[in-house]
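Worksheet for the structure shown next.
The values are calculated or read from the model by the stated rules, or taken from the named source; none is laboratory data. The structure displayed is predicted, hence computed values, not measured ones. Neighbour counts are summed over all protein chains in view; Cβ atoms, including those assigned to glycine, are modelled from backbone coordinates with ideal geometry.
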């Protein structure tokens, strides 16, 4: 299985996703793409198999993977304090990949009816679905 993990800001959510994937889904290839070098480095330290940074890396790789996971803000242009460009959000949204989005309350979009869980609980739910 191959998974594309996308994150921005400091990469904390992406780091947690990568760590959990590498621990629970051992034969999974993970490409981590950060909107900035801090996010990318955080996911690299977590054990991603490969990393990339920036708008073009997100746009290109969104078409290369069957599974994309990250905070919900990755599908909203100008979210994460402007780190997600409209082109990035469009590429992710238009990708034929199955998208698993972690709901974050600080995002510009709120998903109604979502349970109040910790980020790790949502990541564990993602892992359960992958297994």
| query | What number of residues within the range 1-29 are in contact (Cβ under 8 Å) with a residue 24 or more places away in the chain and in a loop (DSSP other than H, G, I, E, B)? | reply | 8
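Might you check whether a residue that is surrounded by fewer than 20 Cβ atoms within 10 Å (Cβ to Cβ), assigned to a helix (DSSP H, G or I), out of contact with any helix residue (DSSP H, G or I) (no Cβ under 9 Å at 6 or more places or on another chain) and touching a residue at least 12 places away in the same chain (Cβ under 8 Å) occurs anywhere in the range 112-122? So that I can check it myself, show each step before the final result.
First, the residues of the range 112-122 that are surrounded by fewer than 20 Cβ atoms within 10 Å (Cβ to Cβ): 112-121.
Now restrict to residues that are assigned to a helix (DSSP H, G or I): 119-121.
Right, trim to out of contact with any helix residue (DSSP H, G or I) (no Cβ under 9 Å at 6 or more places or on another chain) and you get 121.
If we keep only those that are touching a residue at least 12 places away in the same chain (Cβ under 8 Å) too, we end up with none.
No, the range 112-122 contains no residue that is surrounded by fewer than 20 Cβ atoms within 10 Å (Cβ to Cβ), assigned to a helix (DSSP H, G or I), out of contact with any helix residue (DSSP H, G or I) (no Cβ under 9 Å at 6 or more places or on another chain) and touching a residue at least 12 places away in the same chain (Cβ under 8 Å).
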| message | Tell me yes or no: at least one residue of the range 55-64 is buried (at least 23 other Cβ atoms within 10 Å of the Cβ), at pLDDT 95 or above, in contact with a helix residue (DSSP H, G or I) (Cβ under 7 Å, 6 or more places away or on another chain) and under 19 Å from residue 122 (Cα atoms). | response | no
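Which residues, taken from the range 62-79, are touching a strand residue (DSSP E or B) at 6+ places or on another chain (Cβ under 8 Å) and closer than 15 Å to residue 11 by Cβ? Let's see the steps before the verdict.
Taking the range 62-79 as the starting set, the residues that turn out to be touching a strand residue (DSSP E or B) at 6+ places or on another chain (Cβ under 8 Å) are 62, 64-72, 74-75.
69, 70, 71, 74 - these are the residues of the range 62-79 that are touching a strand residue (DSSP E or B) at 6+ places or on another chain (Cβ under 8 Å) and closer than 15 Å to residue 11 by Cβ.
When you check residue 19 against the structure, is it closer than 19 Å to residue 118 by Cα and out of contact with any helix residue (DSSP H, G or I) (no Cβ under 8 Å at 6 or more places or on another chain), yes or no?
Yes; evaluated as a whole, the condition is true for this residue.
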| Criterion violated by residue 104 - all others in (1) at pLDDT below 95; (2) crowded, with 17+ Cβ neighbours inside 10 Å; (3) part of a helix (DSSP H, G or I) satisfied | (3)
| message | Take the residues in the range 66-94 that are surrounded by fewer than 20 Cβ atoms within 10 Å (Cβ to Cβ) and assigned to a loop (DSSP other than H, G, I, E, B); name whichever of them is modelled with the highest pLDDT. | response | 85
| task | Give 48, 57, 32 a once-over and let me know the one that is closer than 22 Å to residue 1 by Cβ, touching a strand residue (DSSP E or B) at 6+ places or on another chain (Cβ under 8 Å) and either without any contact (Cβ under 8 Å) to a residue 24 or more places away in the chain or assigned to a loop (DSSP other than H, G, I, E, B) (or both). | result | 48
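If you scan the range 5-15, which residues turn out to be under 14 Å from residue 123 (Cα atoms) and crowded, with 21+ Cβ neighbours inside 10 Å?
5, 6, 7, 13, 14, 15
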| query | Is there a residue being closer than 20 Å to residue 122 by Cα, crowded, with 17+ Cβ neighbours inside 10 Å and at pLDDT below 95 anywhere in the range 34-45? | reply | no
